[in-house]
Every structure is written in structure tokens, then in C-alpha cells.
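Asks: Sharing a structure, written as C-alpha cells. Questions coming.
The values are calculated or read from the model by the stated rules, or taken from the named source; none is laboratory data. These numbers come from a predicted model, not from an experiment. Methodologically, a virtual Cβ is constructed for each residue, glycine included, from the backbone with ideal geometry; neighbour enumeration extends over all protein chains shown. When the accessible area is computed, the model is the full protein with side chains, heavy atoms only, and any ligands, DNA or RNA have been set aside. Shrake-Rupley method; radii C 1.70, N 1.55, O 1.52, S 1.80 Å.
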Amino acid sequence: MARENVIEEILRKIPRPNRDELPTLYEDLDQMARKIGLILITSKLYEPETTMIRFDKANEEDILGLIKENPDLMVPFFVMVCGFSVRELERLYGIRNVYSIRKGEQLYKFSKVVKENLLMPLYLETLIYKFYKNWEEHQKRHYRGREAEEYVIGILRQNGYNAGKIRVICKSKEMEIDCAIPPNNNFKVAIMIREGVFRDLLKRAKEYSTEYDDLLECFPGIKFVLIYFVSLHERRRLDDIKKRIESERQGKKPYDLVILTKEEVKDVLLNKLKEWNI
């Protein structure tokens, strides 16, 4: 069987439960898996008769060579296959911001750590499946968040607002604002955009409040809008979700606006911006 066919046969078996909701995620995952698979099966570690990757015969230089083929792909691949987390790599091995590593001493250190953890041969199918499902779970929130941001920014631009994502420096700390009007350091409105369910709010509500506090210290005159898109199956809990979000501001300056549905972006948000003379 041709090498490409081996990879396609593996991909054919992988379930894609959120394909209708997040088609772009799975298109990207398929392409990543194909490229990773080709890197693996064209390496000297590949054993065609068994379809195993012989990590038991690999040294640190072999691992480093695989990563250097395409660090954008192979760093996430090895992180997922080994089961590392970003925090664990920093805490246990002193490797910081692993997904940004492209060269230098940190890449050598990461290769060494991978070799220490991958000691046995593994089937190509096992490796691709493990990476695919773990990266899928890792990326779902990011893809949903990106789509939510694009939706809000799109609505605002359609209605004549200069809006977009920006990064600002506050107290020597870089912060990302999902949507600012206008998208520069003279912004008047900061909009933070998320998607989620009620149970996520136990942690998320505190994070949103902290973001607001930080921005108020450096940009005291801004309007702060929190958008938390609620899934359709939880629409009956909108009041509970809004109360939970607003309760974090008890004793502090409240949010200028909290929005929970896409419909509210088209009417409530646009009306508020007019009211604020933005």
C-alpha cells in the first residue's frame, strides 16, 4: 500500500463528532495528520512491514530531526503523544512556552525529554489517532472562540464600526482584547468574547472580572462589554448565567454590558453603542 494510502486509511477510521459545528477544525486536523504521517513514514524510524515507528531505536538527534522537519506540527504532535501539558513542561523540565519553540537550546531540551518518554515502538495508527483526538480536544475551545470573535467583529463592521482584535500593554503585561472599538490604543470599547456553558462559569467568571480590573487600571474611561455566548441547550438558564457573571462584580464597578446570545449583538449591543455615542 502506498504511503499516502496508509495515512488515508487511518484518517478514515477517526470519528469526527463535531464536524457540522466546526468543519474548519477537522479540515485543519486532517491536513496536520497527513503531514505528520508523511514525516513519520519517510523517517528511518518507520518499519513498513509492521507500520511501527521504532522509538526504541531512536536517539535524541533522531527526535530532533523529526521536529525540525516541521516544528509547527511536530512540537504539538510530541506534546500530545507524550501527554505533556504546557505547565508540566515548564515545572518539571524548565521548558517554557513549548508551542512557540522553533530552534535553539529549548528545542534540544524538548527533544531530550521526548526521547526519555518515548522508549517503545508504537504503531503509526496509534500515534496519529492519539495526536488527532488530543489536539481536537485541545483546539475546540480556540476554534469556537475564534468563530465567536469573527461573528461579533463582522456584525460591527457591517454596521460601520472600526472594530478588531488588539494587544495592549498594561503594567508591563501584554493583554489581548478580543474586539476593540477602534482597534488601537485609543479604543473606547473593550469587548471580551467567549463561548461556554454554565458549569464553566465557576472559573471563567473570576477570570473575566480580573481582566476588567486590569484594564480599568490602565484605561479607566473605557466601556467594557462581556460577551458569553450560551449554547442552545442552556438558553433556559440565561438569567442564572447572567447573575453568576455579574455577581463577580459585587462591590466593584459593574460591567457596562453583558451579552449572552448572538441576537443581542445585533440589537442590544448596537443600540448601546449608539447610546454611548460611539
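Asks: Estimate the FRET efficiency between K13 and S247 by the formula 1/(1 + (r/R0)^6), using the beta-carbon distance for r and 51 Å for R0, to the nearest 0.05.
Replies: Taking R0 as 51 Å, the efficiency between K13 and S247 is 0.65.
Asks: Take every Cα-Cα pair in region 5-162 and report what % of them are more than 19 Å apart.
Replies: Distances greater than 19 Å cover 58 percent of the Cα pairs.
Asks: Follow-up question, since we're still on this one. Find how much the distance from K68 to T42 grows on full extension, using 0.36 nm per residue of separation minus their present alpha carbon separation; answer in nm with one decimal.
Replies: Result: 8.0 nm gained on full extension.
Asks: Report the one residue of M32, A58, A180 whose Cα lies farthest in the direction of the positive end of the charge dipole of the chain (charges on C-beta: Lys and Arg +1, Asp and Glu -1; origin at the Cα centre).
Replies: Going by the Cα projections, it comes out as A180.
Asks: Please get the size of the charge dipole for the chain, origin at its Cα centre, with Cβ charges of +1 on Lys and Arg and -1 on Asp and Glu, quoted in debye to the nearest 20.
Replies: 640
Asks: Within the chain, which cysteines find no other Cys whose Cβ is under 4.7 angstrom from their own?
Replies: So, C82, C179.
Asks: Show which aspartates and glutamates lie in cross-link reach of K203 when reach means a straight Cα distance below 14 angstrom and same-chain residues fewer than eight apart are skipped.
Replies: Result set, ordered by chain and number: E195, E211, E246, E248.
Asks: Here's a follow-up. Would you please give the FRET efficiency between T24 and D267, computed as 1/(1 + (r/R0)^6) with r the Cβ-Cβ distance and R0 = 22 Å, to the nearest 0.05?
Replies: Taking R0 as 22 Å, the efficiency between T24 and D267 is 0.20.
Asks: Mean Kyte-Doolittle hydropathy of 0.5 or higher plus an axial Cα length of 15 Å or more: which whole DSSP H helices in the chain meet both?
Replies: Counting only whole DSSP H runs, the qualifying helices are 71-82.
Asks: Can I ask one more? Compute the length gained on full extension between K130 and R235: take 0.36 nm times their separation in residues and subtract their Cα-Cα distance, giving the result in nm to one decimal.
Replies: Value of the extension gain: 34.4 nm.
Asks: Could you check what % of the DSSP bridge pairs in the chain are antiparallel, to the nearest 5?
Replies: Antiparallel bridges: around 55 percent, rounded to the nearest 5.
Asks: Length gain on complete extension for the stretch W276 to L122, per 0.36 nm per residue less the alpha carbon to alpha carbon distance?
Replies: 49.4 nm
Asks: Heavy-atom accessible area per residue, the chain, 1.4 Å probe: how many Å²?
Replies: Heavy-atom accessible area per residue stands at 54 Å².
Asks: Here is a follow-up. Ignoring ligands, DNA and RNA, how do F219, F224 rank by accessible area with a 1.4 Å probe, largest first?
Replies: These residues rank, largest area first, as F219, F224.
Asks: Next question, about the same structure. Return P(r) of region 76-179 (all Cα-Cα pairs; 10 Å bins starting at 0; whole %; ordered from short to long distances).
Replies: With a bin width of 10 Å, the distribution comes to 12, 29, 30, 19, 9, 1.
Asks: On the accessible surface of the chain, probed at 1.4 Å, how many percent belong to carbon and sulfur atoms?
Replies: 47
Asks: Right, another one. Please compare each pair in K115/K140; K188/K262; K35/K173; K165/K274 to a cut-off of 30 Å on the Cα-Cα distance and tell me which ones are over it.
Replies: K35/K173
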